[in-house]
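Notes follow the structure.
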Amino acid sequence: MSKDIEPIKDHFGRPLKDLRISVIDQCNFRCTYCMPKEIFGDDYPFLPESELLHFDEIVRLAEKFSELGVNKIRITGGEPLMRKDLDQLIQRLVNIPGIDDIALTTNAVFLPKKAKKLRRAGLKRVNVSLDAIEDAVFKQINGKGVVALPVLKGIEAALDAGLQVKINMVVKKGMNESQILPMARHFKGTDVILRFIEFMDVGNYNGWDLNNVVSKKQIIDTIHKEMPLESAQEHYYGEVASRFRYMDGTGEIGVISSVTDSFCGTCTRMRLSADGKFYTCLFASDGFDIKEKLRKGLTDEELETELISLWGKRKDRYSDERSEGKHKKRKKIEMSYIGG
Ligand code: SAM
Ligand code: SF4
Ligand code: SF4
């Protein structure tokens, strides 16, 4: 149950409600738009285990965040299922008073082995990333030549274990706009909600260009022509996906339009990297190193003061600035490091 806590507010009055925890920076895929294999090759300096936050440290931080008003946690990566004993971390997070929603974002390949354990640990839902249903397209995107079947099996395993599943599909022009309709057809009428994500300019290596963005409008128009849609109400304050219902009553889809319809005004998310740095925006350049402070013996009161001060100073609104043409070119953190 949610505690009745007034969340802390940032410079623009935005409450701190969500914590996104990246548990590892490594991944079994090399998606071209996230970890291009030319950059993330065999000699890429991934974090050594000693640099990763320990579960005790993650739990301590999550407890403090829940005291400050956070009620949602998302576990991400890299590929979070590559972190050893992740179910043990989830079990501990589930038990924190005030945390009433924990979700996991994954490419699903390891779910057949792990879904039951995760469900037993108390996880209720997963977001599975799948950018194409046709093998030829998917093999190109994930950079490892993996076909769609292992991901579909992961989805099945999650559903069988009793986990709710949403699918995230990043749409990039020239990469997979051909898959919008096949993906919509595949998941229409199932228990799984498909959400399309506009390709974003996160990181430094994915060659982002506004011309490569397939807009929310284009995505909706494409589907609407074949499978009529109507707009649906948002579920809660700060929901990032715009929701659309199939008019024949066979379910809904979502679109996350951080490029063409940015939503910084309701952004309530703090991000924690696998090596213990806080980022107040997905497009930040620098993080705040809490691991170093924790390992030097930071007290609970000092931790609280640091977090309140960090959030209180927050002025990030990168996507809004991009829409206004005011954003500055700068070095950004990588998506595989911070986890989306
Ligand atoms: N490996 C896990 C996965 O793929 O679900 C979790 C980490 S991944 C970085 C989290 C999400 O970020 C995925 O859904 C991925 O498609 C999305 N993502 C990565 N780069 C992106 C970009 N440039 N624009 C939009 N979404 C992106
Ligand atoms: Fe890995 Fe996820 Fe990035 Fe793909 S999107 S490379 S699965 S971290
Ligand atoms: Fe939040 Fe930054 Fe994204 Fe805006 S650009 S919605 S502030 S993460």
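Read-outs: derived from the displayed coordinates by stated rules, not from any lab. Only a predicted model underlies this, so the values are computations on that prediction, with no experimental measurement involved. Because the Cβ atoms are built from the backbone with ideal geometry, glycine has one as well, and the counts that use them run over all protein chains shown.
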*Where in region 1-53 are there GluC sites (Glu not before Pro) that are in a DSSP coil and have at most 13 other Cβ atoms within 10 angstrom of their Cβ?*
E38
_I'd like the distance separating the alpha-carbon centroids of region 149-226 and region 262-303, in whole Å._
29 Å
_For region 49-103: relative contact order, % (alpha-carbon pairs under 8 angstrom, 6 or more apart)_ = 49 percent
*Report the charge-dipole magnitude of region 18-338 in Debye, nearest 20, computed about the Cα centre from +1 at each Lys and Arg Cβ and -1 at each Asp and Glu Cβ.*
260 debye
*Alpha-carbon centroid distance for the pair region 36-110 / region 115-132, whole angstrom*: 13 Å
*Can you tell which of I39, I75, I21 shows the greatest fluctuation in a Gaussian network model of the chain with Cα springs below 10 Å?*
I39
*Among 304-310, 226-232, 210-216, how do they line up from the highest to the lowest mean number of other beta-carbon atoms within 10 Å?*
210-216, 304-310, 226-232
_Positive-end residue, region 14-160 charge dipole about Cα centroid, Cβ charges, pick of P15, H54, A121_ = A121
*DSSP loop chymotrypsin sites (Phe, Trp or Tyr not before Pro) in region 234-280 with at most 11 other Cβ atoms within 10 Å of their Cβ, which ones?*
Y236, Y237
*Quickly estimate the mean residue ellipticity at 222 nm for the chain, helices only: each DSSP H run with n ≥ 4 gives -39500 (n - 2.57), and the total goes over all residues, rounded to 500.*
-8500 deg cm²/dmol
*If you average 1/r over every pair of different alpha-carbon atoms in the chain and take one over that average, what Kirkwood value in Å do you get?*
20.5 Å
_Using the crude model of +1 on Lys and Arg Cβ and -1 on Asp and Glu Cβ, and no other charge, please compute the dipole size for region 128-240 relative to its Cα centre, in debye to 20._
200 debye
*Can you give the extra length, in nm with one decimal, that the chain gains between E252 and F12 once fully stretched, where that is 0.36 nm per residue apart less the Cα-Cα distance?*
83.2 nm
*asked:* Which one, K84, K172, K37, has the greatest fluctuation when you compute a Gaussian network model over the chain with C-alpha springs under 10 angstrom?
replied: K84
*Do any of K9/K72; K144/K188; K84/K293; K117/K139 go past 19 Å between their Cα atoms, and which?*
K144/K188; K84/K293; K117/K139
*Output the Cα-based Rg and Dmax of region 131-233 in Å, rounding Rg to one decimal and Dmax to a whole number.*
14.4, 41
*May I ask which residue of G69, G325, M200 lies farthest towards the positive end of the charge dipole of the chain, with charges of +1 (Lys, Arg) and -1 (Asp, Glu) on Cβ and the Cα centre as origin?*
M200
